[in-house]
Amino acid sequence: MSRIGTPSFVEHAIKEHKFNTKKWYGQNFLTDANILNSIVDAAEVTKEDAVIEIGPGLGALTEVLCERAGFVMAYEIDHEIIPILKKNLIGFLNYHIIEQDILKANILEDMERHLKEYKHIYIVANLPYYITTPILLGLLSKKLPIQRYVMMMQLEVANRICGKPATKEYNALSIWVEYKAIAKKVLNVPRTVFVPAPNVDSAVVRLDLYDTPPIMVEDEVLFNEVLRLCFTQRRKTLYNNLCIKYDKNFVLKMLECLSISPSIRAEVLGVKDFVQMSDYITHNSQK
Ligand code: SAM
């Protein structure tokens, strides 16, 4: 049960250490013990597993993770919060804080140094919302030996990640995630359970990553570029978006070859169609 993740503890810690929360680092601290437990439940963490946390902050989630996981490796960018975090975690020996920007971290090297003996490694985090998408895109591109992510993020991004074709939420991120993992929204979280309260609602998403994606693309970097290109302007046709980068005749030939109508919009296509387009470009484009 969380001791740190309560409104009175967080407010007291902030006051005692004269700590000014940094909005630009997305510092909204979770203060609901039930939600903290639900996040860790959703990750199905046991003492056999190691967890990577992004942004431990004052340690509300870290505390529950230390209680239930074998080891916790956490990245925190804010040097000022580290002494408060370590004080809050007094008594736990099974964690290591890395004082670094997650976007600049060499996660694989850190995993080899600190988590080598663990077979199952999960990411569990209440993300800094201003970089949710770069964190996700970065992690999913790196081919790390991590089996599951359970992450709290802004509701809007959670809906996009779990978006299905032909809905307004479905976009390049939905497809990139669908290519890599099975995504499921596990919990909606109101803004009122954070101190300070953010100006958006949140949700917890669980991603179970494929060892090997069921449909493999030849060039993942190109696949990502194609996804972004196809959704450049949602209201434009697939053909018009593809022609921003590729020759008109090339695009028409590709779409004909793949039996995709040029007049449709990208949002009605599935992951397999984008994989086929990407592979076609790999084999046939001069660029
Ligand atoms: N885990 C705590 C909780 O649930 O109460 C805090 C979560 S708060 C939403 C996000 C945390 O991420 C903050 O502690 C913030 O300082 C940290 N953070 C922000 N940007 C970061 C980055 N680029 N790398 C690592 N940590 C970051």
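The values are calculated or read from the model by the stated rules, or taken from the named source; none is laboratory data. Values in this document were obtained by computation on a predicted structure and should not be read as measured data. For neighbour counting, all protein chains shown are included, and Cβ atoms are generated from backbone atoms with ideal geometry for every residue, glycine included. The accessibility values were calculated without ligands, DNA or RNA, using every heavy atom of the protein model including side chains. Shrake-Rupley method; radii C 1.70, N 1.55, O 1.52, S 1.80 Å.
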Quiz item: Which one is nearest to the ligand (Cβ to nearest atom), of the residues in region 194-224 that are open to solvent by 80 Å² or more (accessible area, probe 1.4 Å) and under 20 Å from the mean Cα position of the chain (by Cα)?
Solution: N199
Exercise. From the list L108, L115, L140, pick out the single residue that is more than 12 Å from the ligand (Cβ to nearest atom) and at pLDDT below 95.
Key: L140
Practice problem: Hey, can you tell me all the residues within region 257-279 that are open to solvent by 50 Å² or more (accessible area, probe 1.4 Å), over 16 Å from N241 (Cα atoms) and part of a helix (DSSP H, G or I)? | Solution: C257, K272, Q276
Quiz item: Do any helices (runs of 4 or more DSSP H) lying entirely in region 1-117 carry at least 2 residues that are within 27 Å of D208 (Cβ to Cβ) and touching a strand residue (DSSP E or B) at 6+ places or on another chain (Cβ under 7 Å), and which ones are they?
Solution: 33-43, 60-68, 107-114
Self-check item: All positions within region 23-51 that are more than 27 Å from L108 (Cα to Cα) and among the basic types (K, R)
Solution: K23
Quiz item: With respect to K22, is the statement that it is open to solvent by less than 40 Å² (accessible area, probe 1.4 Å) and within 16 Å of L85 (Cβ to Cβ) true?
Solution: yes
Practice problem: Only residues that are among the hydrophobic types (A, V, I, L, M, F, W, C) and open to solvent by 70 Å² or more (accessible area, probe 1.4 Å): list them for region 78-112, please. | Solution: I90, L93, L103, L108
Quiz item: Can you spot a residue in region 165-178 that is over 30 Å from V251 (Cα atoms), among the charged types (D, E, K, R) and crowded, with 21+ Cβ neighbours inside 10 Å?
Solution: no
Quiz prompt | Which numbered condition Y75 misses (of (1) within 26 Å of L140 (Cα to Cα); (2) open to solvent by 10 Å² or more (accessible area, probe 1.4 Å); (3) touching a residue at least 12 places away in the same chain (Cβ under 8 Å)) | solution = (2)
Quiz item: Within region 118-136, how many residues are open to solvent by 60 Å² or more (accessible area, probe 1.4 Å) and more than 11 Å from the ligand (Cβ to nearest atom)?
Solution: 2
Quiz item: Quick one: is V150 surrounded by 18 or more Cβ atoms within 10 Å (Cβ to Cβ) and touching a Leu at 6+ places or on another chain (Cβ under 6 Å)?
Solution: no
Self-check item: Subset of region 143-162 that is β-branched (V, I, T) and outside any helix (DSSP H, G or I) - its residue that is farthest from the ligand (Cβ to nearest atom)
Solution: I146
Quiz prompt | Given (1) within 20 Å of V193 (Cβ to Cβ); (2) open to solvent by 40 Å² or more (accessible area, probe 1.4 Å), index of the condition E53 fails | solution = (2)
Quiz item: Taking region 25-45 only, how many residues are more than 11 Å from the ligand (Cβ to nearest atom), within 22 Å of I98 (Cα to Cα) and open to solvent by 10 Å² or more (accessible area, probe 1.4 Å)?
Solution: 1
Self-check item: Positions within region 39-90 being under 20 Å from the mean Cα position of the chain (by Cα) and basic (K, R), in sequence order
Solution: none
